[in-house]
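J.: A single structure is presented below for examination.
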Amino acid sequence: MSRKLDRTLFAGMVREEWRLHAELFGGRRFAAFPLFVALVAGAAVVALTETGTSVAAVVAGLHALVFAFGLHTGSIGLVGRDAMDNLLGEVNLLVFSARTLPISRRRLLVHFLAKDALYYSALFILPVALAFLPAVGGSGGEFGIAQLPLLYLSLTATFVLGLVVTLALLGLSSRGVAGWLAAGALAAAVGGAHVAGVDWVSATPYALFASPSPLAVAGTIGSVGVAAAIGLVAFDPSTSTPTRSVDPAFERWRARFGDETGLTTKTFLDVARSEGGLWKVPFSGGVIFGVCVGLVELAGRITGVEASTGATFGALLGLSAFTTYNWVTQYDDAESYLQYPLSLDALFEAKRRVAAFVGLPTAVAYFAIAAVAFDARPVDAVAGLVLLVGFHQYLLGVTTYLAGFDPGEFLFDTVLFAVFTVAVAATLVPLLIVGLVLAPLSGTALAALAGAGVLMLAVGELAYRRAVDRWTDRLGA
C-alpha cells in the first residue's frame, strides 16, 4: 500500500506540474520550450567557444546559473501560492494538502523535491547538457561526448542543491528568531571557510564534472542531504498564512508616494502584504548577487584575470528588474481595471514606479556590497552604477513591452521568450565579455560603459512608452 501511494503521489505531482504549465503557457507552445532551450544554449556555447572562451569556463558559469535556477524554482513552488491563486483561481496543490489528506507533510515534501528534480532536469537541464554537443571534438580534446552524461548528472545535482537550500532557508525563516540565527550561523560558517581558503568547490556538485573524486561525491551527498533534512524538519507547506489585520496604511503610503490615483499605493501594498512580503525582492536579488560572485570568482580562477566589478556586477544585477517586475504584476491584471475610469497608462506607470522603488535600491545596495568586497576603483564603481541603473530600466521597458502584465507567463511562451532572450543577450553578453575578459578597463572603456548605461536607459524609456500604446490598443482601453 505504501509503495502504491508513493507511486500515485509522484505521478499525480508530475501531471499537476505539466497541467499547471500547460494552463498558464499553452500546451503546444510550451511543449516546444525544451527544443528552444537546447537551440539557444547550443548557440551560446558555440559563440563563447569560438570567441576564445574555454569550455571549462562555460561549464563553470552554467553550474552557477543552474544553482540559481534551483533556488528560484524552490521559492516559486513553495511560497507562490497567493500569486498562483490570482492567476488560476483557487487551487490546492498536492504539496500543500497535508491537512486534507492522510499523508504526512514530510512525505509530500520528499515527493515534491523528487518531482521537481525529475521534471526540470528533463525540461531544462537535459536540453542544456545536449547543447554542448557542438563542442564535442571542436575544443582540442577539452570536451568529449562521453562527458555529456557526467555533465547532466552534475547539473542535475546542482539544481537539486539549489532547490533544497531554498527549502532549508524557508523552513528556518518560518521558525522566528531562532531560525534566523541558525541560518546566519550557517552562512557565517560557509563565509568563514571561504575566507580561510578552504577549497569548498571540490566538495560541490560542480566538482562531479570538473574533478570527480570521492570528496566530490561525499560533498554533494552531504550538502544535499543536510539542506534537505533541515528543510524537511523546519518547513511546513500545509501551513497557510493566518488571517491577520493590518494598520490602515493606504493613506499614509499614498501621501508618501504623492499618488493621485492610488494605483501606486495599491501595487506597493499588494507586494508588501503577499506571502514573503517585501523580503521577496532582496531574496531574489540575493540569488543574482550570489551568482555574480560565483561567476566572477570562477572566471578569475580560470582566466587569471581580475574581473571589472563595475561591468560584471552592474550588468548582472540589472537582471533583477525582471524578477521585481514579476512580483509587482502578479496580484492583479489590467482587464480588472477596465471597469474603472482610469487610464491604462496610469496603471503601467504605477507598476513601473513600484518596481523602481523596491527593486532599484535593492540592486544598488548589492552593487555597493560588491564594490566594497572586491575593492573596486572609484571610477569603476561609478561607471558600473550608471550601467546598473541603465540596464535595470532597459530591462523593465523591454519586459513591459513584450509581456504587459504577465512577465511570468511569457517566460514559457517560446516565441516571446526567444525575442526576450535576444534583447537581453544583445546587451548583456558584450558587457560580460568586457567585464570578465578585457579587465582591467581603461578610463576610456569605463566612460564607454557609462555611456552604454545612459543609452540603455533611453532605449528602456522608449520601449516603455511604446508598451503603453501597444497594450492599450490590445486591451481596447
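The values are calculated or read from the model by the stated rules, or taken from the named source; none is laboratory data. All values derive from a computational prediction rather than experimental measurement. Glycine also receives a Cβ, built like all others from the backbone with ideal geometry; neighbour counts cover every protein chain displayed. Side chains included, ligands, DNA and RNA excluded: accessible areas come from the protein's heavy atoms. Shrake-Rupley method; radii C 1.70, N 1.55, O 1.52, S 1.80 Å.
J.: Given the conditions (1) closer than 20 Å to Phe67 by Cβ; (2) modelled with pLDDT of 85 or more, which single one is not true for Thr324?
T.: Just one mismatch for Thr324, condition (1).
J.: Can you tell me which residues in segment 442-461 are farther than 14 Å from Phe348 by Cβ, open to solvent by 40 Å² or more (accessible area, probe 1.4 Å) and touching a residue at least 60 places away in the same chain (Cβ under 8 Å)?
T.: Gly443, Ala447, Val454, Leu455, Leu457, Val459
J.: Related question: Could you count how many residues in segment 331-363 are in a helix (DSSP H, G or I), open to solvent by less than 50 Å² (accessible area, probe 1.4 Å) and of a type outside the set (D, E, K, R)?
T.: Total meeting the criteria: 16.
J.: If you check Phe374 against the conditions, is it at pLDDT below 90 and among the aromatic types (Phe, Trp, Tyr)?
T.: Numbers: at pLDDT below 90: yes; among the aromatic types (Phe, Trp, Tyr): yes.
Spelling it out, Phe374 is indeed at pLDDT below 90 and among the aromatic types (Phe, Trp, Tyr).
J.: Still on this structure, please answer the following. What tally of residues in segment 205-221 results from selecting those that are in contact with a helix residue (DSSP H, G or I) (Cβ under 6 Å, 6 or more places away or on another chain) and open to solvent by less than 70 Å² (accessible area, probe 1.4 Å)?
T.: Let us first name the residues in segment 205-221 that are in contact with a helix residue (DSSP H, G or I) (Cβ under 6 Å, 6 or more places away or on another chain), namely 205-209, 215-216, 219-220.
With the extra rule that they be open to solvent by less than 70 Å² (accessible area, probe 1.4 Å), the set shrinks to 205-209, 216, 219-220.
Number of matching residues: 8.
J.: Which of the residues spanning segment 451-469 are among the charged types (D, E, K, R) and under 27 Å from the mean Cα position of the chain (by Cα)?
T.: Our first condition is that a residue be among the charged types (D, E, K, R); within segment 451-469, this holds for 461, 465-466, 469.
Across segment 451-469, the qualifying residues are Glu461, Arg465, Arg466.
J.: Out of Ala403, Ala439, I need the residue that is touching an Asp or Glu at 6+ places or on another chain (Cβ under 8 Å), surrounded by 23 or more Cβ atoms within 10 Å (Cβ to Cβ) and modelled with pLDDT under 85. Which one?
T.: Details: Ala439 fails: surrounded by 23 or more Cβ atoms within 10 Å (Cβ to Cβ).
Exactly one residue qualifies, and that residue is Ala403.
J.: Assuming Ala376 fulfils every condition listed in (1) buried (at least 19 other Cβ atoms within 10 Å of the Cβ); (2) farther than 26 Å from Ile433 by Cβ apart from one, which condition is it?
T.: The failed condition is (2).
J.: Further, regarding this structure: Quick check on my filter: what residues within segment 138-172 are part of a loop (DSSP other than H, G, I, E, B) and either modelled with pLDDT of 80 or more or buried (at least 21 other Cβ atoms within 10 Å of the Cβ) (or both)? Reasoning before the result, please.
T.: Looking only at segment 138-172, we keep the residues that are part of a loop (DSSP other than H, G, I, E, B), and these are 138-144.
Correct list: Phe143 only.
J.: Quick one: in segment 195-204, which of the residues that are within 19 Å of Ala168 (Cβ to Cβ) and assigned to a helix (DSSP H, G or I) is least open to solvent (accessible area, probe 1.4 Å)?
T.: Initial filter on segment 195-204 (within 19 Å of Ala168 (Cβ to Cβ)): 200, 203-204.
In the following step, the residues that additionally are assigned to a helix (DSSP H, G or I) were identified as 200, 203.
Values: Trp200: 118, Ala203: 30 Å².
This residue is Ala203.
J.: For segment 307-330, name all the residues that are among the polar types (S, T, N, Q) and assigned to a loop (DSSP other than H, G, I, E, B). Outline the logic, then answer.
T.: Looking only at segment 307-330, we keep the residues that are among the polar types (S, T, N, Q), and these are 308-309, 312, 320, 323-324, 326, 329-330.
Of everything in segment 307-330, those that are among the polar types (S, T, N, Q) and assigned to a loop (DSSP other than H, G, I, E, B) turn out to be Ser308, Thr329, Gln330.
J.: Same structure, new question: Does any residue in segment 178-199 that is closer than 27 Å to Ala210 by Cβ come within less than 6 Å, Cβ to Cβ, of a residue that is part of a helix (DSSP H, G or I) six or more places away or on a different chain, and which pairs are these?
T.: Within 6 Å, the pairs are Ala193/Trp200.
J.: Right, next: When you check Leu94 against the structure, is it crowded, with 16+ Cβ neighbours inside 10 Å, under 26 Å from the mean Cα position of the chain (by Cα) and modelled with pLDDT of 70 or more, yes or no?
T.: Working: crowded, with 16+ Cβ neighbours inside 10 Å: yes; under 26 Å from the mean Cα position of the chain (by Cα): yes; modelled with pLDDT of 70 or more: no.
Spelling it out, it is not the case that Leu94 is crowded, with 16+ Cβ neighbours inside 10 Å, under 26 Å from the mean Cα position of the chain (by Cα) and modelled with pLDDT of 70 or more.
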